[in-house]
Every structure is written in structure tokens, then in C-alpha cells.
Amino acid sequence: MFEKILIANRGEIALRVQRACREMGIKTVAVHSTADSEAMHVRLADEAVCIGPPPGRDSYLNKAAVISAAIITNAEAIHPGYGFLSENAGFADMVKDHGLTFIGPSAEHIRIMGDKVQAKITAKQAGIPVVPGSDGAVPDENAAVEIADGIGYPVLIKASAGGGGRGMKVAQTRDDVRESFKVASGEAKAAFGNGEVYMEKYLAHPRHIEIQVLGDQHGNVVHLGERDCSLQRKHQKIFEECPSPALNPKQRDEIGKVVTTALKKLGYYNAGTVEFLYENGKFFFIEMNTRLQVEHPITEMITGLDLVREQIRIAAGMELGFTQKDVEFQGCAMECRINAENPRTFAPSPGTITGYHAPGGRRVRVDSAMYAGSKIPPYYDSLISKLIVQGSTRNECIMRMRRALHEYVIDGIQTTIPLHQAVLDQQAIMDGAYDIHWLEDFVAQWVKDSPAKG
Ligand code: ADP
């Protein structure tokens, strides 16, 4: 087992990884930008190295600085968290080339799944059902129209290098296709330096359901059930729950088997998530994330597993200590992503947290690196806390989440807590009857009805 791990991230996820390390008796090295020198992930680490100025590209994304920090502190492995360098195949290669271990899958798997066209082809070949669409990248507008006519309208134009919902455009008609092709391609070029796009049937009312997997380097792959991440705004998740209110145990087993069989075939190892859209009883693959996900704690709540601990054990070459039969699901879990944002306009709200009180009590977990006096710099993602609860039933979970949100005090900045409170009061949420469009419709109405508050 490793004696020392460098955590190449910041905020709640850096702390989350640090917690697993400490519980395993592993020493940790934090890296940070000059904006984060007082941050909790730095204060609680065994050692810390400043790797550059505030902007991500000059610090947390600076591969050479991160690797140098690992070498000078004698760390043996690097955990990338999510975001930043976590899905950067070149970084995974560099880590290996310097005699260090990357805590994640192989660079080859990161590379394949990072190119969404390649990912879809690979998934299909491995037996995973995919959204009907173009066979690979679409070369130009004329080809786009021809393909759209074949798929049937509406269609979605998506960036091959996509992420975070960027470079994605819906087209209802032939004219739309021409226009959207240009816009999506331009957006993709600007955001990812790669303008390649592909096309898919636009599903009208799907849910976003994803399957968590773990595989070791000895050919064992298990799935840990699903997470329902349908509550999204601008294709960004804001609330997740498991199990999905839309699935029964038989459907879970079936899709779980499809996914584990495919990943065994591909020789995939470490943690991963296979994302699907689910409509009318059918699953359609959209992408695979080759890393730990933001919403992993809800899976931990109902399985009792520590996913980061498993990631570290797998990276150290150990076998999974359990089989599919050993995985049991206990009750339900939900997560609210709390962002430093105005809850109605979603404008970022950086600043200093003047007062802080986190909720506690039975089956409540708060993953956050905040404290009274901590600064939320304007340079990074606005996620500042994840509030996670578990309950024996879905109803118990909702009641517990409401009371935990009520207890949560974050003063000095605006947060999305009022939005979560409003969402959890809705009948559709209580009934579990929502799809990927529900939240946007709700927010529009909510802002109209109560524009001044919050
Ligand atoms: P990204 O990597 O940018 O997050 P994804 O492919 O994971 O892109 O899609 C993000 C979200 O966009 C999905 O969760 C879903 O809400 C929506 N989406 C993606 N593909 C489709 C589709 N074919 N039809 C309808 N909605 C889609």
C-alpha cells in the first residue's frame, strides 16, 4: 500500500480524498494556488505545496507543477479527484512516466471515453445500447441535414470533446440543423479547441440514470447500482438520488449486468460511471466518466462502501474485496449540491463566509471544505458543499433533507439552499415523477412567482 498520496485538487473533493487516506493510515500532500493558501484542504494535509497563481490553468491544471510537487515530497501516487486533471489522459501518462501511480483507470481508457464519438462506438461494440444517431463525427452541414432526416426530428448536435453541457444544440427543423451545426461546432472549438460534432436523436422526456462501477486490475468488475441525476439546469446536475424512483430491482440487475459485462470485455479498472438516458423502459448510453463523480456519496450511503478507499486499493494492485453478490442496497439517499450562487439568477456569489453552521444528526453527511471565515475565490467552480442524507424510505429521506437544509447556516454569500428547499416541497419531487426538463420549467415558474426573495 502507498505511504503517501498527493491530492491534485481543491475544495470538498480534496478533503474527501484526504479523509479516506487518513483512515487508511496514508500520509497526504495537498497542492494549492496562492488563492487557496488558507483553505481547509491545505490546513488539514500532512504537507502542502503551492503550485501557482489563482487561475486553474496556472495551478491545478499545471501538470508539471503537480508532478514536481509529488516528486519533491516523495509521494508515490496522485489522486486527481474530479474536474481539473482527472480525465486528462496525457496527465495520466506523465504520472506513470515519472514512476508514480495515477489513482484512476488506464490512460488508454481515459482517452477513449474522453472522445465522445469514440466512446459511443466502443460502448456499442461492447454491447451497451446507445442513443440512435450519426455513426461517428459529422463532417459538414449538408451531411448533418441528411443524417437528421434519417434520425427524425428533433435532433441534438453534440461536441465530441464535450463536457459540462457545452457545445450542445437542439434542432427542430432542417434550417435549425444548419444553424445549430455552426453554433455547436464554434462553441466546441472555443471551449475545447476541437470543433468536431456528432448527432443524436433528441429524447423528449428522458431521465438521466447512471451506473457506478468498480473494477480491479485482475479482471473483476462490479456495479453499485444507479443514481438518478435528472434534476439538471443547463445540463448540469444539481440534485441526485438513489435508487432511481423509476427503476425496479429487475431493471437494475439487467442494466448492471450489461454494464459490467461490457467493462470486463474492455478490461476497465478503477471507478467509473456509465451514463444513460432512460425513456419508456429503455436505456441509451450517452457517455462514460472515467473518474470519481461529484455525486458518489449517495452510492456510499446505500452500499456502505468507501469509493475512494476502493480506488486507492485498486490502484495499489489489490483485488476487490467483495463480489456482486456482496453488494447490498440499504434504503435511499439524496444529495443537494450547494453552490455559491444567487438561487434565482445563478450568478456566482464569491466572497467570505462570515458565519457557518453545518447540519448534523442521524444519517446526515456534509462534504464541504468551508468554515466560518473561509474565502470563496471567484476563480473556480461554484460548488461549495454537498449535503447528503440517507433514509430507510424515500419519504424519510425527503423529510430528513428538508430538516437538514433548514439547519444549514451559511452567511456572507448567497447559496442555492433556497432553491433546494423550494424543489423539495413540490409534489412531482415527492412522487419521484420528474425528467431532465422538470427543473428548468420549475425554476422559470418559481422566479416568476417569487422574484424578490432568497
Ligand atoms: P456533457 O458531457 O456535456 O455533460 P452529456 O452527453 O453527459 O454531456 O449530456 C448531458 C445532459 O444533456 C444529459 O444528462 C441530458 O440532460 C442532456 N442530453 C444529452 N444527450 C441527450 C439526448 N440525446 N436527448 C436529450 N437530452 C440529452
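As for the stretch 275-286, it holds at least one residue that is open to solvent by 20 Å² or more (accessible area, probe 1.4 Å), within 12 Å of the ligand (Cβ to nearest atom) and of a type in the set (D, E, K, R).
Name the one entry in GLN390, GLN426 that is among the polar types (S, T, N, Q), assigned by TED's automatic domain parsing to the domain that holds GLN236, farther than 26 Å from PRO53 by Cα and touching a Phe, Trp or Tyr at 6+ places or on another chain (Cβ under 7 Å). Unique residue meeting the criteria: GLN426.
Is it the case, given these coordinates, that VAL389 is over 18 Å from LEU15 (Cβ atoms), under 24 Å from the mean Cα position of the chain (by Cα) and part of a strand (DSSP E or B)? Walk me through how you get there before you give the answer.
On the way: over 18 Å from LEU15 (Cβ atoms): yes; under 24 Å from the mean Cα position of the chain (by Cα): yes; part of a strand (DSSP E or B): yes.
Considered against the rule, which asks whether it is over 18 Å from LEU15 (Cβ atoms), under 24 Å from the mean Cα position of the chain (by Cα) and part of a strand (DSSP E or B), VAL389 comes out as yes.
Whether any residue in the stretch 395-410 is in contact with a Gly (Cβ under 7 Å, 6 or more places away or on another chain) and of a type in the set (Gly, Ala, Ser) is what I want to check. No.
Inside the stretch 1-79, counting only strands (runs of 3 or more DSSP E) that do not spill past its ends, which hold 2 or more residues that are open to solvent by 10 Å² or more (accessible area, probe 1.4 Å) and outside the structural domain of ILE338 (by TED's automatic domain parsing)? Walk me through how you get there before you give the answer.
Values: elements: 4-7, 27-33, 47-52, 77-79.
Passing ranges, in order: 27-33, 47-52.
The set of residues in the stretch 88-100 being open to solvent by less than 40 Å² (accessible area, probe 1.4 Å) and in contact with a strand residue (DSSP E or B) (Cβ under 9 Å, 6 or more places away or on another chain) consists of PHE91, ALA92, VAL95, LEU100. Scan the stretch 164-176 and tell me whether some residue there is in contact (Cβ under 8 Å) with a residue 24 or more places away in the chain, near the ligand (Cβ under 9 Å from one of its atoms), of a type in the set (A, V, I, L, M, F, W, C) and surrounded by 18 or more Cβ atoms within 10 Å (Cβ to Cβ). Yes, because at least one residue in the stretch 164-176 is in contact (Cβ under 8 Å) with a residue 24 or more places away in the chain, near the ligand (Cβ under 9 Å from one of its atoms), of a type in the set (A, V, I, L, M, F, W, C) and surrounded by 18 or more Cβ atoms within 10 Å (Cβ to Cβ). If the condition is being surrounded by fewer than 16 Cβ atoms within 10 Å (Cβ to Cβ) and within 9 Å of the ligand (Cβ to nearest atom), then the stretch 182-204 contributes only ALA204. Listed by position, the helices (runs of 4 or more DSSP H) inside the stretch 87-136 whose residues that are modelled with pLDDT of 95 or more and within 16 Å of the ligand (Cβ to nearest atom) number at least 3 are 107-114, 116-125. All conditions but one from (1) in a strand (DSSP E or B); (2) open to solvent by less than 20 Å² (accessible area, probe 1.4 Å); (3) out of contact with any Phe, Trp or Tyr (no Cβ under 7 Å at 6 or more places or on another chain) apply to GLN311; the one that does not is (1). Screening HIS218 with (1) more than 17 Å from LYS386 (Cα to Cα); (2) touching a helix residue (DSSP H, G or I) at 6+ places or on another chain (Cβ under 8 Å) gives one miss only, at (2).
When residues in the stretch 137-163 are screened for being closer than 16 Å to GLY186 by Cβ and more than 12 Å from the ligand (Cβ to nearest atom), 6 of them pass.
For the stretch 232-286, filtering for residues that are at negative phi and part of a strand (DSSP E or B) leaves 23.
The values are calculated or read from the model by the stated rules, or taken from the named source; none is laboratory data. Quick caveat, the model's predicted, so the values are computed rather than measured. Reconstructed Cβ throughout: ideal geometry from the backbone, glycine too, with neighbour counts over all protein chains shown. Only protein heavy atoms, including side chains, enter the accessible area calculation; ligands, DNA and RNA are left aside. Shrake-Rupley method; radii C 1.70, N 1.55, O 1.52, S 1.80 Å.
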